[in-house]
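Bear in mind that the values in this text are calculations on the coordinates, not laboratory data. Since the structure is predicted, the reported quantities are computational estimates derived from the model, not experimental observations. Here the Cβ positions follow ideal geometry from the backbone for every residue, glycine too, while neighbour counts run over all protein chains shown.
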Amino acid sequence: MKKKTVLITGSTSGIGLGIAKGFAAKGYQLVFNGLESNGASIAAEVAGEHGVDYMFSAANMLDPDALKKMVEEATAMFGGIDILINNAGIQHVAPIESFPDNKWYDIIGINLHAAYHLTKAVWPYMKERQFGRIINIASAHGLVASEFKSAYVAAKHGLVGFTKTAALEGAPFNITCNAICPGYVKTPLVEKQVADQALTHGIPESEVAAKVMLHKQAVKSFVPVEVLAEMALLLAVEGSGTITGTAIPLDGGWSAQ
Ligand code: NAD
């Protein structure tokens, strides 16, 4: 059987990289993407370790033309994208009244608009092949809010809404679309928040993990990236065709409250 190809945005760091490793270990062909300066070598290393074909693109999520080009290049190389994982994301923590406008637009652009542009770009191929799996890495913040994260919460709620519509439109063509909604995962995105969280909450940085991040999770530990990879792998297989339009919390019980 032909190997399937998975495009994962933001896959040269954190959650995306963890998911890429999971797919590489199962023999999928990979399209890596991310803005890390050593992204190309990270991609080569992961693909090399598992002997899978791959390509790397540094397409910027804020540039719709670059996203289209990345999909065209991947289609030329692999014949199309079977699985799209919209994972790239950024965060900014600040009260609404002092939230920087440029951060608002970048967060919505990277976390939400890019998912729309990429879904649109891969759709014709998936439709023609009568197979597609689109997985959006949303967040517990796609289901519930926290203070000081207005743009992120808006983007992730939007992504969950987009997931449902894509699921309805994809159903006749065996294209599924689901959102994974993680709680806190220890990645560079989270580590970068510590100083701002301490400032906005008026607590020392050493107390941020317990008092802010894990405070709302019933399970007081960070979610392992391997668990997210396992969930993505499950949603990607042929047999998961009836799982669609869902927003699956992997959040240590946070959104159960
Ligand atoms: P990370 O900072 O480790 O990785 C983010 C990736 O996105 C990087 O590869 C980065 O280069 C890429 N990226 C950022 N801006 C980009 C742009 N303009 N164009 C192209 N690529 C860009 O972060 P992470 O924690 O692994 O986050 C991955 C996803 O998971 C994000 O969507 C985030 O919102 C979501 N998420 C993270 C957590 C968490 O606790 N870490 C929780 C819930 C959801």
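Here are some conditions: (1) small (Gly, Ala, Ser); (2) more than 13 Å from the ligand (Cβ to nearest atom); (3) surrounded by fewer than 18 Cβ atoms within 10 Å (Cβ to Cβ). Ala167 meets all but one. Which one does it not meet?
For Ala167, the exception is condition (3).
What number of residues within region 192-242 satisfy the criterion of being away from the ligand (no atom under 16 Å from the Cβ), surrounded by 14 or more Cβ atoms within 10 Å (Cβ to Cβ) and assigned to a loop (DSSP other than H, G, I, E, B)?
Final tally of qualifying residues: 1.
Failed condition for Glu45, given (1) away from the ligand (no atom under 14 Å from the Cβ); (2) part of a loop (DSSP other than H, G, I, E, B); (3) without any contact (Cβ under 8 Å) to a residue 12 or more places away in the chain, with all others met?
(2) is the only condition that Glu45 fails.
Within region 48-74, which residues are among the hydrophobic types (A, V, I, L, M, F, W, C), more than 14 Å from Val122 (Cα to Cα) and within 14 Å of the ligand (Cβ to nearest atom)? Show your work before the answer.
Here is the first cut: in region 48-74, the residues among the hydrophobic types (A, V, I, L, M, F, W, C) are 52, 55-56, 58-59, 61-62, 66-67, 70-71, 74.
Checking the rest, the ones that are also more than 14 Å from Val122 (Cα to Cα) come to 52, 55-56, 58-59, 61-62.
Correct list: Phe56, Ala58, Ala59, Met61, Leu62.
Can you spot a residue in region 83-102 that is in contact with a Leu (Cβ under 9 Å, 6 or more places away or on another chain), assigned to a helix (DSSP H, G or I) and buried (at least 18 other Cβ atoms within 10 Å of the Cβ)?
No, region 83-102 contains no residue that is in contact with a Leu (Cβ under 9 Å, 6 or more places away or on another chain), assigned to a helix (DSSP H, G or I) and buried (at least 18 other Cβ atoms within 10 Å of the Cβ).
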